[in-house]
Amino acid sequence: MPRDATDTDDMNLAVNMGGLPMKNPVTVASGTFGYGQEYNQYFDITRLGAVTTKSLSLKVRAGNKPPRLVETPAGLLNAIGLQNVGIETYLSEKAPFLRKQGATIIGNIYGHSPDEYVELASRLEQESAADAIEANLSCPNVHDAKTASGAVLVSQDPDAIIEYTKAIRSATTLPLFIKLSPNVADIQEPALAVQEGGADGVCLINTLLGMSINPKTRRPRLSNIVGGLSGPAIRPVAVKMVWDAARVLSIPIIGTGGICTANDAIEFLLAGATAVSVGSMTFRQPDAPMQVLDGIKTYLKQHRIERVEELIGAMEV
């Protein structure tokens, strides 16, 4: 489809993601899309329901040393380690570009304490540099101190989730989403903690823990040893966790994990997601989010569905 094409069909693709109006339910997964500039050469990024930024920290992060990426038969192992330009460069260079383009922005943030998340969320709102906040409490590729319960990730500790979410909620009036880890025994407990903390939505799922060893050298293929597994291999796990969470939550869900096609995205919607994000597939096919969006439109036409919201949680059992 030409870059100047617009969505002019009669069906209604709009969704409301926890107070964030989205022209359609398709966004991109944080960490796979840079800050939008990198992909704008391939398609008009304003056609997305929202652009989700790479995680932002207070200071510039170099991330983990290479090798940081390993292909698997059905996905990708990454141990990037939240490399990012830092909040100051984002505010001075990245956000102005997104605003000039007219994109809806979900600013993903990462910190080492509630105070750092508070500062990041506050800055994004004060500088009008985001339309919603996605707080990453679940990156498996950084070595942070354990929570009071002994959990490695904040998102593995419901009490910590509530603490962090309440702190961020108090710092911003923007819609707030919390991104959770799938590396838990039961996703419902942390999802309910997000809701109790006052967030407007939850993002499921972040990557699964994985590793790969080179038999010839007997050494791990990632310098970090362990990485996050994404791609088609994790999609059934992600769909199930979205379904689990949707049954107990009254706040909406962004479903993510291995989405490659429109049918993949529709699975998440039927399971209970309000919006979906395309991640690893953009490395292989940069315009994958547009292919997913156009495929959803085709599906609605074929099934004579006027509103995409009719698909949310519509799985028949």
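Readers should treat all values here as calculations from the given coordinates under stated rules, not as data from a laboratory. Just so it is clear, the model here is predicted, and its values are computed rather than measured. With ideal geometry, Cβ positions are generated from the backbone for all residues, glycine too; neighbour counts draw on all protein chains shown.
Overview of results
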item: Full-stretch length increase - HIS112, ALA14 - with 0.36 nm per residue and alpha-carbon distance subtracted; result: 31.8 nm
item: Projected label distance in nm at GLN126 and ASN263, using a 7 Å step from Cα toward the beta-carbon; result: 5.0
item: Residue-by-residue Karplus 3J(HN,Hα) for the range 118-123, coefficients 6.51, -1.76, 1.60, Hz, glycine and proline x; result: 4, 5, 5, 4, 4, 5
item: Projected label distance in nm at ASP186 and LYS301, using a 7 Å step from Cα toward the beta-carbon; result: 4.5
item: Ellipsoid semi-axes in whole angstrom, largest first, where each is sqrt(5λ) of the Cα gyration tensor of the range 143-265; result: 27, 20, 12
item: log10 of Debye I(q)/I(0), alpha-carbon scatterers only, for the range 252-313 at 0.12, 0.17, 0.20, 0.30 Å⁻¹; result: -0.26, -0.51, -0.70, -1.30
item: Largest-first principal axis extents of the Cα set of the range 1-129 (Å); result: 47, 43, 26
item: Cα→Cβ-extended label distance, 7 Å offset, between GLU38 and ASP159, nm; result: 3.8
item: Where the Cα pairs of the chain fall when distances are cut into 20 Å bins, in %; result: 35, 60, 5
item: Residues CYS139, CYS203, CYS260 arranged by fewest to most Cβ contacts within 10 Å; result: CYS260, CYS139, CYS203
item: Surface/4 estimate of mean projected area, convex hull on alpha-carbon atoms of the range 211-317, nm²; result: 8.9
item: Max mean-square fluctuation residue, GNM over the chain, Cα-Cα springs under 10 Å, options LYS54, LYS216, LYS166; result: LYS216
item: Pairs of alpha carbons in the range 57-146 whose separation is greater than 19 Å (percent); result: 46
item: GNM result for the chain, Cα springs below 10 Å: residue of ARG61, ARG169, ARG219 fluctuating most strongly; result: ARG219
item: Cut-off 13 Å between beta-carbons: net charge of the residues surrounding ASN78, Lys and Arg +1, Asp and Glu -1; result: +2
item: ³J(HN,Hα) computed for each position of the range 88-97 - Karplus, 6.51 cos²θ - 1.76 cosθ + 1.60, integer Hz, glycine/proline x; result: 5, 5, 4, 5, 8, 10, 7, 4, x, 5
item: Residues of the range 9-51 with amide N under 16 Å of the 7 Å Cα→Cβ point at ALA314; result: 10-16, 24-26
item: Cβ-based exposure ranking for GLU127, GLU306, in which fewest neighbours within 10 Å come first; result: GLU306, GLU127
item: Base-10 log of normalised Debye intensity for the range 22-98 (one unit scatterer per alpha-carbon) at q = 0.26 Å⁻¹; result: -1.21
item: The range 211-271 pair-distance distribution - Cα-Cα, 5 Å bins, rounded %; result: 4, 17, 20, 15, 12, 10, 10, 7, 3, 1, 0
item: Other-chain or far-sequence residues with amide H under 5 Å of ASN12's (modelled H); result: ARG307, VAL308
